[in-house]
1. Only residues that are within 16 Å of ligand 1 (Cβ to nearest atom) and either more than 24 Å from the chain's Cα centre (by Cα) or farther than 17 Å from residue 378 by Cβ (or both): list them for region 297-324, please.
2. Write out, first by first residue and then by second, each pair whose Cβ atoms fall under 7 Å of each other, whose residues are 6+ apart or on separate chains, and whose first residue, in region 283-296, is in the same structural domain as residue 436 (by TED's automatic domain parsing) and in contact (Cβ under 8 Å) with a residue 40 or more places away in the chain while the second is in a helix (DSSP H, G or I) and crowded, with 17+ Cβ neighbours inside 10 Å.
3. Is it fair to say residue 23 is at pLDDT 95 or above, crowded, with 16+ Cβ neighbours inside 10 Å and within 29 Å of residue 182 (Cα to Cα)?
4. Identify the residue in region 208-219 that is buried (at least 16 other Cβ atoms within 10 Å of the Cβ) and within 23 Å of residue 311 (Cα to Cα) and, among all such residues, is nearest to ligand 1 (Cβ to nearest atom).
5. Quick one: in region 247-277, which of the residues that are in a strand (DSSP E or B) and within 15 Å of ligand 2 (Cβ to nearest atom) is nearest to residue 174 (Cα to Cα)?
6. Any idea which of 464, 409 is at pLDDT below 75 and closer than 30 Å to residue 375 by Cα?
7. Scanning for something farther than 30 Å from residue 103 by Cα, away from ligand 1 (no atom under 16 Å from the Cβ) and surrounded by fewer than 14 Cβ atoms within 10 Å (Cβ to Cβ), does region 378-399 turn up at least one residue?
8. Out of all the residues in region 322-336, is one or more within 16 Å of ligand 2 (Cβ to nearest atom), farther than 27 Å from residue 404 by Cβ and surrounded by fewer than 19 Cβ atoms within 10 Å (Cβ to Cβ)?
Ligand code: B12
Ligand code: SF4
């Protein structure tokens with residue numbers, strides 16, 4: 001072995017600790033670090049979002065200079081890139097520097113150009129590649145990497161995607177911190193959080209979705225881990241709340257049932273959250289077992305109340321089916337969060353605003369609604385390009401000559417205030433206690449956090465000069 005002390009680094013720093021940005025462990029980096037542990041004992045994993053001292057660049061550089069012999073950095077999101085590049089440029093040039101992750105794969109050339117110290121970019125899934133790098137396999141023989149050689153950048157062939165059963169699940173002993181829900185910087189001691197990736201890929205082909213494409217534009221064929229390994233991982237997790245970060249938990253309903261059976265048989269007591277499609281309503285025995293096994297929340301992509309938009313997005317169901325399936329789902333003590341997309345091609349303002357009404361009608365407990373975005377490799381790009389008057393902003397958002405980007409933002413606020421009324425917040429809290437997502441012991445913490453959250457929200461609205469507008473909308477909507 002040519003390396004003895006590798007450092008795996010999540011380089012993102014979240015000073016304004018909003019819960020979402022600090023909540024999730026860096027799953028991809030943890031997979032790679034765990035894989036490295038199979039060939040080297042002394043692996044260190046640092047998540048800078050939680051490192052008070054080492055998130056200071058000088059302290060981190062001192063730490064690296066004191067014995068770390070290879071630095072492996074995960075760049076999964078295109079946030080904070082200038083800061084991350086700056087950090088990479090300060091890492092001593094005599095220490096090999098490897099980067100990987102979704103955004104690193106998308107931006108290989110940019111990274112080599114901007115960061116002269118980077119030796120290798122690992123493209124795509126990195127579990128096998130990292131082992132070969134650490135074992136000193138010559139660069140020209142390692143599939144899936146780009147590297148420097150005599151002033152040039154060499155791109156080796158892509159590494160073929162393999163079954164996820166070959167990878168070990170993230171070893172939580174590598175962590176230095178606990179991930180937990182927090183409300184406006186108040187940690188919720190009981191609400192520790194973790195994610196489990198039981199499968200990668202999704203066989204559906206919704207046109208707006210690039211989640212199942214790897215950053216090389218290839219579709220990740222669905223690959224599921226064995227039931228035993230998934231439940232072994234869940235048993236190794238200390239967190240009370242566990243999110244299955246799979247694209248769709250119920251792709252194989254029988255397998256999902258077996259996961260529930262094993263959770264019940266082993267007496268595991270956790271609160272689970274999953275992403276799934278509405279078709280899960282077709283499997284009552286799965287839903288019953290999920291409830292028994294501790295599943296509390298389903299995150300469901302509904303996308304639109306309008307059939308022509310659902311067709312345009314190739315979602316694979318219509319609005320009647322959504323209504324019908326929610327009639328079934330509502331019978332189970334589960335919390336339902338629906339995702340919607342607005343600002344679709346040819347969608348009118350009235351159609352967009354109807355999202356809030358539709359969501360109330362079908363009975364979802366909460367919603368997220370996002371403007372249509374065209375990501376790299378999105379198959380919707382052609383439609384936007386071909387439709388006169390439609391444009392794609394630099395952040396990928398779609399807007400039109402008739403409904404500008406700012407107008408879309410305003411529509412978003414109207415959807416928000418139409419759905420999220422004070423009684424909705426009460427309903428959400430009530431439902432969380434009713435289905436035992438929150439337990440009585442969580443009530444005190446929540447009571448302490450809620451006034452701070454309200455003040456923060458009010459403060460933000462006042463700062464943006466929108467308070468009057470917000471109140472007006474809230475009361476008008478409540479009255480109607
Ligand atoms: C789950 C998920 C989330 C979760 C985070 C879960 C987590 N545990 O981190 C949540 C909901 C919080 C989230 C939020 C966001 N996400 Co997200 N997310 C995903 C999703 C669906 C899966 C990520 C994942 O866990 N994959 C599984 C792991 C195993 O794969 P991986 O991360 O790619 O890691 C592998 C390789 O990349 C490589 N690798 C990774 N790190 C390293 C490091 C080294 C050294 C090496 C060698 C290799 C290596 O090996 C890993 C193992 O095979 C991806 C889509 C996708 N299919 O990847 C989008 C995705 C990563 N997210 C995306 C976006 C845009 C966001 C948000 C900015 C959305 C928003 N507007 O708020 C936020 C940002 C959050 C943040 N932390 O900064 C984009 C990123 C696009 C981009 N280029 O920036 C993606 C690609 C989706 C998309 N196509 O739009 N996300
Ligand atoms: S939106 Fe969901 S169901 Fe559709 S392709 Fe993406 S992950 Fe699969």
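1. Filtering region 297-324 down to residues within 16 Å of ligand 1 (Cβ to nearest atom) leaves 297-301, 303, 313.
297, 298, 299, 300 - these are the residues of region 297-324 that are within 16 Å of ligand 1 (Cβ to nearest atom) and either more than 24 Å from the chain's Cα centre (by Cα) or farther than 17 Å from residue 378 by Cβ (or both).
2. 287/280; 290/260
3. Values: at pLDDT 95 or above: no; crowded, with 16+ Cβ neighbours inside 10 Å: yes; within 29 Å of residue 182 (Cα to Cα): yes.
No, not satisfied.
4. First pass over region 208-219, keeping only residues buried (at least 16 other Cβ atoms within 10 Å of the Cβ): 208-210, 212-215.
Narrowing further to those that are within 23 Å of residue 311 (Cα to Cα): 208-210, 212-213.
Working: 208: 10, 209: 8, 210: 4, 212: 6, 213: 7 Å.
Among them, the one singled out is 210.
5. Of region 247-277, the ones in a strand (DSSP E or B) are 271-276.
Going one step further and asking which of them are within 15 Å of ligand 2 (Cβ to nearest atom), we end up with 274-276.
Details: 274: 25, 275: 27, 276: 30 Å.
Applying the filter and picking the extreme gives 274.
6. Details: 409 fails: at pLDDT below 75.
Of 464, 409, the one residue that is at pLDDT below 75 and closer than 30 Å to residue 375 by Cα is 464.
7. Our first condition is that a residue be farther than 30 Å from residue 103 by Cα; within region 378-399, this holds for 388-389.
Checking which are away from ligand 1 (no atom under 16 Å from the Cβ) leaves us with 388-389.
With the extra rule that they be surrounded by fewer than 14 Cβ atoms within 10 Å (Cβ to Cβ), the set shrinks to 388-389.
So far as region 378-399 goes, yes, one or more of its residues are farther than 30 Å from residue 103 by Cα, away from ligand 1 (no atom under 16 Å from the Cβ) and surrounded by fewer than 14 Cβ atoms within 10 Å (Cβ to Cβ).
8. no
The values are calculated or read from the model by the stated rules, or taken from the named source; none is laboratory data. Keep in mind that this is a model prediction, so the values were computed, not measured. Glycine gets a Cβ as well: all are built from the backbone with ideal geometry, and neighbour counts include every protein chain shown.
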